[in-house]
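The structure appears right after this line, and notes come after that.
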Amino acid sequence: MEEDLFQLKQLPVVKFRRTGESSRSDEDGISGEHEVQIEGVRTELEPVELEDGAAVPKEFANPTDDTFMVEDAVEAIGFGKFQWKLSVITGLAWANAMEMMILSILAPQLHCEWRLPSWKVALLTSVVFVGMMSSSTLWGNISDQYGRKTGLKISVLWTLYYGILSGFAPIYSWILVLRGLVGFGIGGVPQSVTLYAEFLPMKARAKCILLIEVFWALGTVFEVLLAVVVMPTLGWRWLLILSALPLLLFAGLCFWLPESARYDVLSGNQEKALATLKRIATENGAPMPLGKLVVSRQEDRGKMRDLFTPHFRWTTLLLWFIWFSNAFSYYGLVLLTTELFQAGDVCSISSRRQEVKAKCSLTCEYLTEEDYTDLLWTTLSEFPGVLVTLWIIDRIGRKKTMAMSFLVFSFCSLLLFLCVGRNVLTVLLFIARAFISGGFQAAYVYTPEVYPTATRALGLGTCSGMARVGALITPFIAQVMLESSVYLTLLVYSGCCLLAALASCFLPIETKGRGLQESSHKEWGQEMVGRASHSPG
């Protein structure tokens, strides 16, 4: 046996360690490692000692492995105290849902207070999404080039500053510009998912990403409750200022956040990556793998062309449409909810609009206590949406979960064609919002899993940017088109989600049970750990 190993080491060897299941390796399921001799191959991976000249710590495990990757370390350390802390801190950034939920409350208030026509009200909502759309790819590129922590911190501080400042806007043009700048900052907040996902072991990844989506739901609920208390007494300016509280908490705690070890390895900072892994192992009370951390440096990170390689081209295009449809339908429903509640039911919207126009084109109605109550009930639907997605995503897979969410939303939208009362209307909106938010959450799980570390932040950023295109368009459907035809409005949302369900089914890669790919130069579903030694001559 020793002679065989000696002869094997005389040839260049590339060692493939599977970090997740692959359709190409189902027949090799017995063994997790394969060694393949490839003549003339020189690997570019550089082994790094744990500590120069120092003894291996006793707490280190896996004495038979001579090398390990970040994926191996994350799997070996597992889920523990560190990930719980990370969940809370990244969740605070994710509670920026308050800045989004406020749009459905602020719009009718300013419509009445400043006597704004409907197109200016819609523009006030759309300008936020213009900022998000224009910045999402930029924040993704910054996160791939300079680190996930750097991009996330800058975007949150930016959003916090302009969110508070918008509460002091004296006129319409000022608040329009300031809310656009708020949207520019919000475009980088989804990078918290990238940072979070790269610290999670494979078995816990889907559940954990879905659980921090609870912070989004908490943010929306808290915003409605805050509006109930603040709007009648202090007004919308204080509501804007107080809505920045979660981001203020994050700004105070974000300095605890470490940089992603996966990013550090890819950027060549192996010592920093190793220190981060040791820190996680210490906090979790778990052993690290024994051996040398394998470094696979890649300089050309965050390049748009990597999203359109033959392997990822269709995935990128289909994901862009899925994210567009998610945001288009989700925010459309949020805005449509207040319109439907003010009208009482679907069938009376058209007649109500005609009556309002006959009186005055600027006639408005403030949100009542009953409107806030029903708005709270539909907002609470975010929680069952999380639970349903959590239960099915690891059973039927990411693709089918997204497809099912779109189909249920489309069906509920068609049921709104019936002249139902307010109670049935509330139930249908509750179910529709639960499933469309579940589809959004499934997309947030799938996207970081399907792209490699070198382009993960950019991939998520471009998808988020396409989502903002949908969110940018939706106010003109949910608020302006609604004045002409409520049925055409509902048909647009239902048709869009039917197409998105088909797109979900046609995604070429299912990421359920797969490891995260590190470098875009490696084949998907496998991680390469290499060593090369050359025989004399």
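The values are calculated or read from the model by the stated rules, or taken from the named source; none is laboratory data. Model, not experiment: these values are computed from the prediction. A quick note on method: Cβ atoms are made from the backbone with ideal geometry, for glycine too, and the neighbour counts reach across all protein chains shown. The area values use the complete protein model at the heavy-atom level, side chains included, leaving out ligands, DNA and RNA. Shrake-Rupley method; radii C 1.70, N 1.55, O 1.52, S 1.80 Å.
Looking at this model, which pairs from Lys120/Lys399; Lys85/Lys400; Lys153/Lys272 are more than 28 angstrom apart at the alpha-carbon? Write out the running numbers ahead of the final one.
Values: Lys120/Lys399 38 Å; Lys85/Lys400 31 Å; Lys153/Lys272 19 Å.
The pairs that break the limit, which is 28 Å between Cα atoms, are Lys120/Lys399; Lys85/Lys400.
Please calculate how many Å² of accessible area the range 67-293 carries per residue, with a 1.4 Å probe and no DNA, RNA or ligand atoms counted.
Working: 7330 Å² over 227 residues.
For the range 67-293, the solvent-accessible area averages 32 Å² per residue.
Could you tell me which of Val228, Trp119, Ser136 has its Cα farthest along the dipole of the range 67-293 towards the positive end, charges placed at Cβ (Lys, Arg +1; Asp, Glu -1), taken about the Cα centre?
Value: Val228.
Applying a 10 Å radius around every beta-carbon, put 442-453, 387-398, 426-437 in order of their mean neighbour count, most first. Let's see the in-between values first.
Details: 442-453: 25.8, 387-398: 17.5, 426-437: 23.8.
Packing order, densest peptide first, comes out as 442-453, 426-437, 387-398.
Could you give the nm distance between label points at Glu370 and Tyr487, where each point is 7 Å from its Cα heading toward the beta carbon?
2.6
Please give the peptides 216-225, 487-496, 317-326 ranked by average Cβ packing (other Cβ atoms within 10 Å per residue), highest first, as a rough proxy for protection. Show your work: numbers first, answer last.
Values: 216-225: 21.1, 487-496: 18.9, 317-326: 23.3.
Top of the packing list down: 317-326, 216-225, 487-496.
What's the Cα-based Rg to Rh of the range 67-293, Rh via Kirkwood?
Values: Rg = 19.8 Å, Rh = 18.7 Å.
Rg/Rh: 1.06.
Computing the accessible area with a 1.4 Å probe over protein heavy atoms, can you report the carbon and sulfur percentage for the range 67-293? Numbers along the way, then the final one.
Numbers: 5270 of 7330 Å².
Roughly 72 percent of what the probe reaches on the range 67-293 is carbon or sulfur.
Along the principal axes of its C-alpha atoms, what lengths does the range 127-242 span, in descending order and rounded to whole Å?
48, 29, 18
Using a 1.4 Å probe, how large is the accessible area of Lys153, given in Å² and rounded to the nearest 10?
50
Suppose the chain between Leu414 and Met304 were pulled fully straight at 0.36 nm per residue; how much longer would it get relative to their current alpha carbon spacing? It would help to have the intermediate numbers written out before the result.
Values: separation 110, 0.36 × 110 = 39.60 nm, distance 3.82 nm.
Length gained, Leu414 through Met304: 35.8 nm.
Students often check this: by mean Cβ neighbours within 10 Å, which of 376-385, 468-477 ranks highest, and how do the rest follow? Before the final figure, lay out the partial values.
Numbers: 376-385: 20.6, 468-477: 23.0.
So the peptides 376-385, 468-477, ranked by packing, come out 468-477, 376-385.
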